[in-house]
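Visitor: My questions all concern the structure below.
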Amino acid sequence: MRVELTTKIFVQGEHVGEVLALLRHFAQGRHEWVVSPIDTDTVADYLDSHAQGLAKGYSELARKAAVNHAAWSVADARPLVRIQPEELSDHVADLERPAIVAVENNRSDRCFLEVIAKVFGAPEILLAVKRDWLVIDNGGGLAGAGRRAKEERGKFRLIPRVAALFDSDRMVPASSEKAHALAERLRGHDILVHVLEFREAENYIPNRVLHTLKPYHLIHPRIDALKRLSHEQRGHFDMKRGFDKTSGVPDSQKVLFAGVPSQVIAKLGQGFGSDVIKQLGERADTLSETDFAGLGPDVCRELRSILEMLRKIV
């Protein structure tokens, strides 16, 4: 989070423990200190009076923060926490808590989030996850993830640093499902929510990753068939289980898949397996934005928006 300590805090000379707690966060890189250049002398005087042993290091940190503020403040659209003296204790309590992103399955969803953070250039998100500044909280399903998001939101006093990421479970594009209704309820509690446009996280796995699955002689014909689908069809196909061999395309998808040759449907009957998301994580270093762009015209924009949501709470 970007955090500004108002000048009154340093003039009054109180709450030394809370101030030093925040300064430690700034020094660790957990939160970003926003300081106006005109306030650096006030900060230095405060530290000389109340934290002499730490004054030199933290004063230098303030000067660097002020330089960054002067260079980037106009263009920086990230939220800013501006702390007044009377709110300092509550804000410190909130900022010491890890940010939370509630998900349906923290094994597969953690893999998905870490891959897009790596590919789309969000090292601060990866660092936050590694250091438990951002916790990917397992809900064990949609309802559980919604419940966990509300529970964690209740632990914050002033600024709820809680988000949720849900599969849409859409069988067809743009349909409204249970995840969308839950998302609206959670937003009413000041929780940030992203519902995937495609059916599940597995629908965002690039073909480059699928080509590494084994056995090759069985997987490659399925990939060839997958390439015959439109972006919308691929985005709502059950990547894990495919089409049931006995019943084929579900009734709810008959219109979406109308015109797809029967031999293509047959080759996609078994899908790519329930653990296919694991392969995405193992191949993250080989991927680029171009691989995701091939999945649909709005995919990269959507994946960046997920990272922007996380930046707002970290």
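Visitor: Of Y58, Y204, which has the most accessible area and how do the rest follow, probe 1.4 Å? Before the final figure, lay out each step's value.
Guide: Values: Y58 30, Y204 0 Å².
I get Y58, Y204, largest accessible area first.
Visitor: A further question on this structure: Choose one of H189, Q12, S230: the residue whose Cα lies farthest towards the positive end of the charge dipole of the chain (beta-carbon charges +1 Lys, Arg; -1 Asp, Glu; about the Cα centre).
Guide: It is S230, whose Cα lies furthest towards the positive end.
Visitor: Okay, moving on. Under 37 °C and 0.692 mPa s, how fast does segment 202-274 diffuse according to Stokes-Einstein, given a Kirkwood radius computed over C-alpha pairs? Answer in µm²/s, whole number.
Guide: On the way: Rh = 12.3 Å.
D = 268 µm²/s.
Visitor: Further question on the same structure: Quick one: among D167, D39, D251, which has the greatest mean-square fluctuation in a GNM of the chain with alpha-carbon springs under 10 angstrom?
Guide: Looking only at D167, D39, D251, the largest GNM fluctuation is found for D251.
Visitor: Same structure, new question: Angle check, please: helix 40-50 long axis (alpha carbons) against the longest principal axis of the chain (alpha carbons), in degrees 0 to 90, nearest 10.
Guide: It works out to around 70 degrees.
Visitor: Given only helices, namely DSSP H runs of n ≥ 4 each adding -39500 (n - 2.57), what is the per-residue ellipticity at 222 nm of the chain, to the nearest 500 deg cm²/dmol?
Guide: Numbers: 16 runs with 156 residues, N = 314.
-14500 deg cm²/dmol, from helical runs alone.
Visitor: Would you please give the residues with an amide H less than 5 Å from that of A102, counting only those at least 5 places away or on a separate chain, with H modeled from the backbone geometry?
Guide: Amide H neighbours of A102: D137, A163, A164, L165.
Visitor: Once you order the gyration tensor axes a ≥ b ≥ c over the Cα atoms, which shape class does segment 1-54 get: rounded for a/c under 1.5, otherwise prolate or oblate by comparing a/b with b/c? If you can, show how the numbers build up before the last one.
Guide: On the way: a/c = 1.63, a/b = 1.22, b/c = 1.33.
Here segment 1-54 falls in the oblate category.
Visitor: Calculate the dipole size of segment 1-124 relative to its Cα centre from +1 charges on Lys and Arg beta carbons and -1 charges on Asp and Glu beta carbons; express the result in debye to the nearest 20. Each step should come with its number before you reach the end.
Guide: Numbers: 13 positive and 19 negative charges, 99 e Å.
Using only the charged Cβ atoms, the result is roughly 480 debye.
Visitor: Most fluctuating residue of Q270, Q233, Q52 in a GNM of the chain with Cα springs under 10 Å: which is it?
Guide: Q52
Visitor: If DNA, RNA and ligands are ignored and the probe is 1.4 Å, what is the ranking of I306, I159 by accessible area, most exposed first?
Guide: Numbers: I306 0, I159 55 Å².
Solvent-accessible surface, decreasing: I159, I306.
Visitor: Using a 1.4 angstrom probe on heavy atoms only, work out the carbon and sulfur share of the accessible area of segment 1-119 in %. Could the numbers behind the result be given before it?
Guide: Working: 2790 of 5770 Å².
The computed percentage sits at 48.
Visitor: At q = 0.10, 0.12, 0.13 Å⁻¹, what is the base-10 log of I(q)/I(0) for the chain according to the Debye formula with one equal point scatterer per Cα and no solvent? Please give it to two decimals.
Guide: Scattering profile of the chain, log10 relative to I(0): -0.66, -0.85, -0.94.
Visitor: With a 1.4 Å probe and all protein chains left in place, how much accessible area per residue does segment 211-291 have, in Å²? Write out the running numbers ahead of the final one.
Guide: On the way: 4500 Å² over 81 residues.
About 56 Å² of surface per residue is accessible.
Visitor: Whenever you get a sec, compute what percent of the accessible area on segment 223-314 sits on carbon and sulfur atoms (1.4 Å probe).
Guide: Details: 2170 of 4600 Å².
Heavy-atom surface of segment 223-314 belonging to carbon and sulfur, 1.4 Å probe: 47 percent.
Visitor: While we're here: Could you check which residue among N105, N203, N68 shows the biggest mean-square fluctuation in a GNM of the chain with a 10 Å Cα cutoff?
Guide: Top of the fluctuation ranking is N68.
The values are calculated or read from the model by the stated rules, or taken from the named source; none is laboratory data. Note that the structure is a prediction, hence the values are computed from the model and not measured. Positions of Cβ are generated from backbone atoms using ideal geometry, with glycine treated the same way; all protein chains shown enter the neighbour counts. Heads up: the accessible areas ignore ligands, DNA and RNA and are worked out on the full protein's heavy atoms, side chains in. Shrake-Rupley method; radii C 1.70, N 1.55, O 1.52, S 1.80 Å.
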